[in-house]
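What follows draws every value from the coordinates through simple rules; no lab data is involved. No experiment lies behind these values; they were computed from the predicted model shown. No Cβ is skipped: glycine too gets one built from the backbone with ideal geometry, and neighbour counts run over all protein chains shown.
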Amino acid sequence: MSTYMARPPARELFVKSIESLSPHMKRVVLTGESLSDFPPDQASAYIKLIFDNPAMPGKPLRRSYTVVSSDQRARHLTIDFAVHPDACDQGPAARWLEDARIGDPISVSGPGPTKLVDLDADWFVLVGDLTALPAIRANIEILPAHAEGYVILEIPHQDDQQSLLLEASLIPKGMELIWVINPHPGQQKELLKETLANLPHFPGDPYLWAASELNAVLEIRNWVNEESLAPRSSRYISSYWQLGLPDEAHKIQKKERLSE
């Protein structure tokens with residue numbers, strides 16, 4: 001006899017504030033009484049925003065986003081949205097964000113599990129694009145003061161670097177912050193991998209955390225395998241989107257190609 005786990009009911013929330021962090025990143029704070037039991041310490045976990053599906057009424061579209069922070073007492077849930085400069089065919093989340101106003105409703109499910117590094121590693125590599133920045137920031141905040149390694153961030157424009165520069169006090173002195181400028185996210189899939197490949201290694205065993213466009217993380221995954229840099233137990237490699245594909249198609253490709 002099979003058991004069916006019903007999907008938990010969505011939380012009905014409202015837009016409290018919208019802030020432009022940089023030319024290609026916006027921050028949205030959601031609020032609502034249903035956040036009264038939202039679990040604490042969920043930075044780097046994902047939630048799903050739920051949108052109407054005009055093509056298939058009754059089958060809503062769900063899009064995953066990383067939790068930046070949450071506050072049970074204040075009933076706040078903060079999410080950062082990457083705004084792709086080449087997005088001519090916007091998905092439901094991008095269209096919603098473009099039109100969103102204070103007080104607008106939005107349904108949210110989750111959270112899913114957090115995505116954090118193993119703090120027992122000898123050194124750390126955190127690499128990704130703007131879609132991964134909230135989770136990378138959450139990982140930086142838990143690193144010990146003596147941590148060594150690299151933070152590699154791909155951004156569309158240097159103006160994003162100035163606006164999104166992480167507070168120096170949050171980054172351990174032994175972690176080098178490297179910016180990679182790519183005006184066309186999703187293209188030049190080898191950029192992050194080549195940046196990583198040209199960096200010297202620290203002594204001991206690293207933990208590698210990488211998330212970006214699918215083809216870019218496949219380049220990283222393949223290089224890591226060739227170099228035997230980190231076993232599967234010492235890495236998190238995931239794609240958060242894929243150039244030219246809607247989220248549903250990306251999930252299929254992700255399952256097939258990252259599991260190879």
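Let's see how each residue does on (1) aliphatic (A, V, I, L, M); (2) under 21 Å from K26 (Cα atoms); (3) crowded, with 18+ Cβ neighbours inside 10 Å; (4) in contact (Cβ under 8 Å) with a residue 24 or more places away in the chain:
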{"site": "H184", "(1), (2), (3), (4)": "no, yes, no, yes"}
{"site": "Q188", "(1), (2), (3), (4)": "no, no, no, no"}
{"site": "E194", "(1), (2), (3), (4)": "no, no, no, no"}
{"site": "S212", "(1), (2), (3), (4)": "no, yes, yes, yes"}
{"site": "K254", "(1), (2), (3), (4)": "no, no, yes, yes"}
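For (1) closer than 19 Å to S44 by Cβ; (2) out of contact with any helix residue (DSSP H, G or I) (no Cβ under 7 Å at 6 or more places or on another chain), each residue gets a yes or a no:
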| residue | (1), (2) |
| --- | --- |
| K193 | no, no |
| P200 | no, yes |
| L208 | yes, no |
| N215 | no, yes |
| N222 | no, yes |
| Y240 | yes, no |
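So which of S34, S64 is more than 27 Å from H250 (Cα to Cα), surrounded by fewer than 19 Cβ atoms within 10 Å (Cβ to Cβ) and in contact with a Lys or Arg (Cβ under 8 Å, 6 or more places away or on another chain)?
After ruling out the rest, the residue left standing is S34.
With the structure loaded, tell me whether S22 is touching a residue at least 60 places away in the same chain (Cβ under 8 Å), buried (at least 19 other Cβ atoms within 10 Å of the Cβ) and on the phi > 0 side of the Ramachandran plot or whether it fails that test.
Taking the combined requirement at face value, the residue does not satisfy it.
For every residue, the table says whether it meets (1) assigned to a strand (DSSP E or B); (2) farther than 21 Å from Y240 by Cα; (3) under 20 Å from the mean Cα position of the chain (by Cα).
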{"residue": "W96", "(1), (2), (3)": "no, no, yes"}
{"residue": "S107", "(1), (2), (3)": "yes, no, yes"}
{"residue": "V117", "(1), (2), (3)": "no, no, yes"}
{"residue": "D120", "(1), (2), (3)": "no, yes, no"}
{"residue": "L126", "(1), (2), (3)": "yes, no, yes"}
{"residue": "P134", "(1), (2), (3)": "no, no, yes"}
{"residue": "N139", "(1), (2), (3)": "no, no, yes"}
{"residue": "H146", "(1), (2), (3)": "no, yes, no"}
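List pairs: first residue in segment 224-237 and surrounded by 11 or more Cβ atoms within 10 Å (Cβ to Cβ), second residue in a helix (DSSP H, G or I) anywhere in the structure, Cβ distance under 8 angstrom, at least six positions apart or on different chains.
Correct list of pairs: E227/A197; L229/W223; A230/V224; R235/V224; I237/V217; I237/I220; I237/R221; I237/V224.
Take segment 196-210 and flag every residue that is small (G, A, S) and surrounded by fewer than 17 Cβ atoms within 10 Å (Cβ to Cβ).
The answer is A197, G204.
For segment 221-257, enumerate the residues that are part of a loop (DSSP other than H, G, I, E, B) and under 17 Å from the mean Cα position of the chain (by Cα).
Q242, L243, P246
Is at least one residue of segment 149-164 assigned to a loop (DSSP other than H, G, I, E, B), crowded, with 19+ Cβ neighbours inside 10 Å and small (G, A, S)?
No, segment 149-164 has no match at all.
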